[in-house]
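Colleague: Once you've had a glance at the structure underneath, I'll fire off some questions.
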Amino acid sequence: MSSKITIAIDGPAASGKTTVGEKLARQLGFLFFDTGIMYRAVTLAVLRSNLDPNAEIAVSELAGRVKIDVAPPGKDDGRLADVLLDGTDVTWDVRSREVEANVSIVSTYKGVRDAMTEQQRRIGARGNVVMVGRDIGTVVFPNADLKVFLEASAEERARRRYNELVNRGQAADYDQILASTRQRDEIDRNRVIAPLKPADDAVILDTDNVAIDDVVEAILSLMKERGLIERE
Ligand code: DC
């Protein structure tokens, strides 16, 4: 196995990136890094500072100042990692509806993206990492050893999100989730900087009606084909 392998997994909201990426990383013994968490943490910082998410300059300045860290889970409450914003645990706060409603707009700003991309490259450079997001294969690691783009219909993704909320005991409205999924897709795909799209050399996997384990297996097969891991 070569010494520093980078696997990039991109795709729209709730396409299964996090679940697939985390399982894959665990099987490989790689670091799992969900870059969406960083954009969410910046958005939370914006809301907590009572800044207007539409104020690009002020938001970008804040993004350059805050310190976001991801650490192994410190609590056994279903979290995959601890998310720290300036040293404070915000793991569940970054999943709030308010953050979700504002994260796409905050992620369109160049200043925010530059600050986050720099931090992501620094962490990814340690190697042997599965990094998930929207622009990992296109912008953050254009030389990744394998790029995967996960697709799923908006309806399927809204259903997954709905089930996730219900399982966590939270109120959920499917129609509202579907509408907000479509709205986030629209912003993520059409933004000027680093829009959500597959890299030219990405392998596109459709995950509608495909079990998580089968998606993980498909990625492991691709890694074997490329000689990134040994065939058994
Ligand atoms: O994957 P997620 O739902 O946690 O991502 C939250 C938002 O962050 C998403 O709407 C777009 C943004 N994002 C991004 O612009 N680039 C990334 N690499 C990851 C996420």
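Colleague: With a 1.4 Å probe and all protein chains left in place, how much of the accessible area of the stretch 108-147 comes from carbon and sulfur atoms, in whole percent?
Modeller: Details: 710 of 1490 Å².
Result for the stretch 108-147: 48 percent of the exposed heavy-atom area is carbon or sulfur.
Colleague: Given the options Gly127, Gly87, Gly21, which has the most mean-square fluctuation in a GNM of the chain, springs set between C-alpha atoms less than 10 angstrom apart?
Modeller: Gly87
Colleague: Could you compute the FRET efficiency for Lys224 and Ile193, with r as their C-beta to C-beta distance and R0 at 30 Å, rounded to 0.05? Intermediate values should be presented prior to the final figure.
Modeller: Details: r = 35 Å, r/R0 = 1.16.
Efficiency, rounded to the nearest 0.05: 0.30.
Colleague: Suppose the chain between Asp206 and Asp185 were pulled fully straight at 0.36 nm per residue; how much longer would it get relative to their current alpha carbon spacing? Working shown, then result.
Modeller: Details: separation 21, 0.36 × 21 = 7.56 nm, distance 1.61 nm.
Residue separation times 0.36 nm, minus the Cα-Cα distance, leaves 5.9 nm.
Colleague: Given points 7 Å out from each Cα along the Cα-Cβ axis, report the Asn163 to Asp86 separation in nanometres with one decimal.
Modeller: 3.9
Colleague: Another one. Applying the Karplus parametrisation 6.51 cos²θ - 1.76 cosθ + 1.60 with θ = phi - 60° to the phi angles of the stretch 157-169, what ³J(HN,Hα) value in whole Hz is obtained for each residue in order, glycine and proline being reported as x?
Modeller: Result, ordered by residue: 5, 5, 5, 4, 5, 4, 4, 4, 5, 4, 5, 8, x Hz.
Colleague: Using +1 at the Cβ of each Lys and Arg and -1 at the Cβ of each Asp and Glu in the stretch 11-112, identify which of Gly36, Gly21, Val70 lies farthest towards the dipole's positive end.
Modeller: About the Cα centre, the residue reaching furthest to the positive side is Gly21.
Colleague: Further question: Quick one: Karplus J couplings for the stretch 192-199, per residue in order, coefficients 6.51, -1.76, 1.60, θ = phi - 60°, nearest Hz, x for Gly and Pro?
Modeller: So the Karplus estimates, Gly and Pro as x, are 6, 9, 6, x, 5, 6, x, 5 Hz.
Colleague: Still on this structure, I have one more. For helix 97-106, what angle does its Cα long axis make with the longest principal axis of the chain, in degrees from 0 to 90 and rounded to 10?
Modeller: Around 80 degrees separate the two axes.
Colleague: Taking Rh as the Kirkwood radius computed over C-alpha pairs, what is the Stokes-Einstein D of the chain at 37 °C in a medium of viscosity 0.692 mPa s, expressed in µm² per second? Walk me through the intermediate numbers first.
Modeller: Numbers: Rh = 18.1 Å.
Answer from the Stokes-Einstein relation: 182 µm²/s.
Colleague: Relative contact order for the chain using alpha-carbon pairs under 8 Å, separation at least 6, rounded to a whole percent?
Modeller: On the way: 361 pairs, mean separation 75.3, N = 232.
Once normalised by length, the contact order is 32 percent.
Colleague: Quote to one decimal, in nm, the extra length available between Arg79 and Lys110 on full extension: 0.36 nm per residue of separation minus the C-alpha distance between them.
Modeller: Working: separation 31, 0.36 × 31 = 11.16 nm, distance 2.97 nm.
That works out to 8.2 nm of additional length.
Colleague: Per residue, how large is the accessible surface of the chain? Use a 1.4 angstrom probe and give square angstrom.
Modeller: Values: 11330 Å² over 232 residues.
Accessible area per residue, the chain: 49 Å².
The values are calculated or read from the model by the stated rules, or taken from the named source; none is laboratory data. Values in this document were obtained by computation on a predicted structure and should not be read as measured data. Using ideal geometry, Cβ is built from the backbone for each residue, glycine included, and neighbour counts are taken over all protein chains shown. Keep in mind that these areas ignore ligands, DNA and RNA; they rest on the heavy atoms of the full protein, side chains included. Shrake-Rupley method; radii C 1.70, N 1.55, O 1.52, S 1.80 Å.
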